[in-house]
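Novice: Please see the structure below; I have some questions.
Please treat every number below as a calculation from the coordinates, not as lab data. Quick caveat: nothing in here was measured; it's all calculated off a predicted structure. Cβ atoms come from the backbone with ideal geometry, glycine included; neighbour counts cover every protein chain shown.
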Amino acid sequence: MDFAEFVTEFTDEPSVYRKVWLFSFVLGNSRWLWGWFCSNQSLERVLRCHVMVFDACGGTTQQNLFDRMKTAVLGDAEDGTVTCNPALVAVLDHYGSAPEAVTGQRLPDAPFNQYKGIRLKQKYAKG
């Protein structure tokens, strides 16, 4: 899961450009893709997107991989473990799921190279 930033012009306000964020969710086994454009990356928005994607795919995942988004990942502990947002952990736990953050290392089973700092937009949104 990650957010990609887009700057776009809406038809109801010509010549006014606004920033929108694409929340993307890709299932690792089937590459099923779900996305939702959001006006911000707030914790409430992230939680709501999770509820919507679980409803859309008809269930939950055992594990959710985050690309270190600030609303999901609070930081790294001294022992190398990642600290996730307690509210996000609680919502995922309610659905029987668990968070995992991308580390600085490449994940061998990732659908594409996931290095710290590389975003979905750099991989797919170049026009």
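Novice: What does the net charge come to around PHE66 if you take all other residues with beta carbon closer than 11 Å to its beta carbon, with K and R at +1 and D and E at -1?
Specialist: Overall, the nearby charge balance is -1.
Novice: Specify whether the C-alpha gyration tensor of segment 32-94 places it in the rounded, prolate or oblate class, a ≥ b ≥ c being the square roots of the eigenvalues: rounded for a/c under 1.5, otherwise prolate if a/b is larger than b/c and oblate if not.
Specialist: Verdict is prolate for segment 32-94.
Novice: Can you sort ASP76, ASP12, ASP2 so the residue with the fewest Cβ neighbours within 10 Å comes first? List each step's numbers first, then the result.
Specialist: Values: ASP76 14, ASP12 5, ASP2 22.
Going from least to most buried by this count: ASP12, ASP76, ASP2.
Novice: Within the set of other residues whose C-beta is less than 15 Å from the C-beta of PRO99, count the net charge using Lys and Arg as +1 and Asp and Glu as -1.
Specialist: That sum, taken over residues with Cβ under 15 Å, equals -3.
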